[in-house]
Amino acid sequence: MIELREGRHGSVGGLDIVRVLPTKGRRTVGPWCFVDLMLPPDATDPDPMEVGPHPHIGLSTVTWIMEGEAIHSDSLGTIQPIRPGQLNLMTAGHGIAHAELATSRTILGVQMWLAQPEDTRHGGRAFQHVPELPVFEQPGCTGSVLVGQFAGVTSPASVDSATVGVDLDLRKGATQFVADPGFEYCVVPVTGPVLVSGHRVDPGWVALVPEGTSDISIEAGNVGSRCMLLGGSPLGERIQMWWNFVARTRDELTEAFRDWERGNDDRFPGVPSTIPRIDAPRPPWLAPG
């Protein structure tokens, strides 16, 4: 049975966002544990997005820009522009830090995280930039496969889990997609509402599609729609998320917080960025100190 959830509006680095995952009663869809829509601001002359150096553990960031341009920098010394049609995928492992700076006034896109499984989440840090992704065509739709395999094409991006992430550019009408019944999925509209197996889903909402589904119908209205289709094998582990960290226990989250707070350069090496470093908020379970 398809479930609908409304996202939460907020701001990150001066950029308007809607967070649709995690949501009430649902932390993950496959390994996907975080999905933010990055939206153009209401202001006519907005300040560009600036997200200073901040840390991650236990996850891979998947950055997908539909309009605009930004520069990613990280602890590996990476300085990489990202433009529409390109993919940035950064793996934290035991620890990495990065920063993001928009070089255009507006950004439209999606920032996502994949929770790393137990066998890789304590490992090394890595970064991948994929300048060109495979595209498929089927009646009523053009799709770009960011990660995994879909509609007969496979992304060159390397990920840790059985997963898929697709940007669907839908024209008017319904399109049927073959689904893996071993996966759970979600549909995230970005521009324009869609019907997911008959359920209306507006931008800022997410449709959760359960495991066992063998096909998904997505229908766009007169002006079409751009949406994300994300899925994967159920993670099989209960994760704990706090701030920018994905872990399994509160003790792991506390350790990561303290390492960032005291400037542990072994775990979180410096980032080649002129933007001020972001301090971590104090975890609510720790006594004031």
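The values are calculated or read from the model by the stated rules, or taken from the named source; none is laboratory data. Computed from a prediction, not measured in an experiment: that's the story for all the values here. Cβ atoms come from the backbone with ideal geometry, glycine included; neighbour counts cover every protein chain shown.
For segment 53-71, enumerate the residues that are over 21 Å from Gly165 (Cα atoms) and surrounded by fewer than 24 Cβ atoms within 10 Å (Cβ to Cβ).
Within segment 53-71, Pro53, His54, Ile71 qualify.
Out of all the residues in segment 18-38, which are assigned to a loop (DSSP other than H, G, I, E, B) and of a type in the set (Ser, Thr, Tyr)? Write out each step before concluding.
If we filter segment 18-38 for residues that are assigned to a loop (DSSP other than H, G, I, E, B), which is where we start, we get 22, 24-25, 27-28, 30-31.
Thr28, the sole residue that qualifies.
Can you find even one residue in segment 145-167 that is on the phi > 0 side of the Ramachandran plot and among the aliphatic types (A, V, I, L, M)?
Yes, some residue in segment 145-167 is on the phi > 0 side of the Ramachandran plot and among the aliphatic types (A, V, I, L, M).
Hey, does segment 41-49 have a residue that's within 30 Å of Asp266 (Cα to Cα) and crowded, with 18+ Cβ neighbours inside 10 Å? Steps first, please.
Of the residues in segment 41-49, the ones within 30 Å of Asp266 (Cα to Cα) are 49.
Among the residues that remain, those that are also crowded, with 18+ Cβ neighbours inside 10 Å are: 49.
Yes: one or more hits.
Please determine, by comparing only the residues of segment 261-284 that are among the charged types (D, E, K, R) and touching a His at 6+ places or on another chain (Cβ under 8 Å), which one is farthest from Ala70 (Cα to Cα). Walk me through it before giving the result.
The initial filter retains those residues of segment 261-284 that are among the charged types (D, E, K, R), namely 261-262, 265-267, 277, 279, 282.
Filter again for touching a His at 6+ places or on another chain (Cβ under 8 Å), leaving 267, 277.
Numbers: Arg267: 25, Arg277: 18 Å.
Here the answer is Arg267.
Among the residues of segment 50-67, what is the count of those that are farther than 30 Å from Asp119 by Cβ and under 17 Å from the mean Cα position of the chain (by Cα)? Outline the logic, then answer.
Step one: filter segment 50-67 for residues farther than 30 Å from Asp119 by Cβ, giving 50, 52, 65-67.
Imposing the further condition that a residue be under 17 Å from the mean Cα position of the chain (by Cα) reduces the set to 65-67.
Residues that pass the stated criteria total 3.
Determine which single condition Asp259 fails, assuming it passes every other condition in (1) assigned to a helix (DSSP H, G or I); (2) more than 20 Å from Gly52 (Cβ to Cβ).
Every listed condition holds for Asp259 apart from (2).
Within segment 8-22, is even one residue out of contact with any helix residue (DSSP H, G or I) (no Cβ under 8 Å at 6 or more places or on another chain), crowded, with 22+ Cβ neighbours inside 10 Å, farther than 19 Å from Ser158 by Cα and modelled with pLDDT of 95 or more? First the steps, then the outcome.
Let us first name the residues in segment 8-22 that are out of contact with any helix residue (DSSP H, G or I) (no Cβ under 8 Å at 6 or more places or on another chain), namely 8-22.
After this cut, where a residue has to be crowded, with 22+ Cβ neighbours inside 10 Å as well, the list is 15, 20-21.
Those still in the list that are farther than 19 Å from Ser158 by Cα too: 15, 20-21.
Next, only the ones that are modelled with pLDDT of 95 or more stay: 20-21.
Within segment 8-22, one or more residues are out of contact with any helix residue (DSSP H, G or I) (no Cβ under 8 Å at 6 or more places or on another chain), crowded, with 22+ Cβ neighbours inside 10 Å, farther than 19 Å from Ser158 by Cα and modelled with pLDDT of 95 or more.
Being surrounded by fewer than 23 Cβ atoms within 10 Å (Cβ to Cβ) and small (Gly, Ala, Ser) is the filter here; which residues of segment 203-224 pass it?
Gly204, Gly212, Ser214, Ser217, Gly221, Gly224
What number of residues within segment 255-285 satisfy the criterion of being hydrophobic (A, V, I, L, M, F, W, C) and loosely packed, with under 12 Cβ neighbours inside 10 Å? Full working, then the answer.
So the first thing to find is which residues in segment 255-285 are hydrophobic (A, V, I, L, M, F, W, C), and the list is 256-257, 260, 268, 271, 275, 278, 280, 285.
Going one step further and asking which of them are loosely packed, with under 12 Cβ neighbours inside 10 Å, we end up with 285.
Qualifying residue count for the region: 1.
Quick check, is Glu118 of a type outside the set (Val, Ile, Thr), crowded, with 21+ Cβ neighbours inside 10 Å, out of contact with any His (no Cβ under 6 Å at 6 or more places or on another chain) and over 19 Å from Gln86 (Cα atoms)? Step through it out loud before you land on a result.
On the way: of a type outside the set (Val, Ile, Thr): yes; crowded, with 21+ Cβ neighbours inside 10 Å: no; out of contact with any His (no Cβ under 6 Å at 6 or more places or on another chain): yes; over 19 Å from Gln86 (Cα atoms): yes.
For Glu118, the condition - of a type outside the set (Val, Ile, Thr), crowded, with 21+ Cβ neighbours inside 10 Å, out of contact with any His (no Cβ under 6 Å at 6 or more places or on another chain) and over 19 Å from Gln86 (Cα atoms) - is not met.
Restricting attention to segment 226-254, which residues are surrounded by 18 or more Cβ atoms within 10 Å (Cβ to Cβ) and without any contact (Cβ under 8 Å) to a residue 40 or more places away in the chain?
Applying the first criterion (surrounded by 18 or more Cβ atoms within 10 Å (Cβ to Cβ)) to segment 226-254 yields 226-232, 235, 239, 241-242, 244-247, 252-253.
Result: Leu253, single match.
Could you tell me how many of the residues in segment 177-192 are touching a Pro at 6+ places or on another chain (Cβ under 9 Å) and crowded, with 17+ Cβ neighbours inside 10 Å?
Here is the first cut: in segment 177-192, the residues touching a Pro at 6+ places or on another chain (Cβ under 9 Å) are 182-185, 188-192.
From what's left, crowded, with 17+ Cβ neighbours inside 10 Å: 183-185, 188-191.
Residues meeting the conditions: 7.
Suppose we keep only residues that are touching a Phe, Trp or Tyr at 6+ places or on another chain (Cβ under 6 Å) and surrounded by 22 or more Cβ atoms within 10 Å (Cβ to Cβ) within segment 75-107. Which one would you say is farthest from Arg125 (Cα to Cα)?
Of all residues in segment 75-107, those touching a Phe, Trp or Tyr at 6+ places or on another chain (Cβ under 6 Å) come to 76, 78, 90, 95, 97.
Checking which are surrounded by 22 or more Cβ atoms within 10 Å (Cβ to Cβ) leaves us with 90, 95, 97.
On the way: Met90: 8, Gly95: 7, Ala97: 10 Å.
Here the residue is Ala97.
Can you tell me which of (1) within 16 Å of Val62 (Cβ to Cβ); (2) more than 17 Å from the chain's Cα centre (by Cα) is the one His199 doesn't meet?
Among (1) within 16 Å of Val62 (Cβ to Cβ); (2) more than 17 Å from the chain's Cα centre (by Cα), His199 violates only (1).
Out of segment 39-76, which residues are closer than 24 Å to Asp279 by Cβ, assigned to a loop (DSSP other than H, G, I, E, B) and modelled with pLDDT under 95?
Answer for segment 39-76, where residues must be closer than 24 Å to Asp279 by Cβ, assigned to a loop (DSSP other than H, G, I, E, B) and modelled with pLDDT under 95: Asp47, Pro48, Met49.
Of the conditions (1) free of Cβ contacts under 8 Å to residues at least 60 places away in the same chain; (2) farther than 23 Å from Met228 by Cβ; (3) not in a loop (DSSP other than H, G, I, E, B), Leu101 fails just one. Which one is it?
Evaluating Leu101 over (1) free of Cβ contacts under 8 Å to residues at least 60 places away in the same chain; (2) farther than 23 Å from Met228 by Cβ; (3) not in a loop (DSSP other than H, G, I, E, B) leaves (1) as the failure.
So for segment 125-142 (the condition being closer than 30 Å to Asp266 by Cα, touching a strand residue (DSSP E or B) at 6+ places or on another chain (Cβ under 7 Å), assigned to a loop (DSSP other than H, G, I, E, B) and not hydroxyl-bearing (Ser, Thr, Tyr)), does at least one residue qualify?
yes
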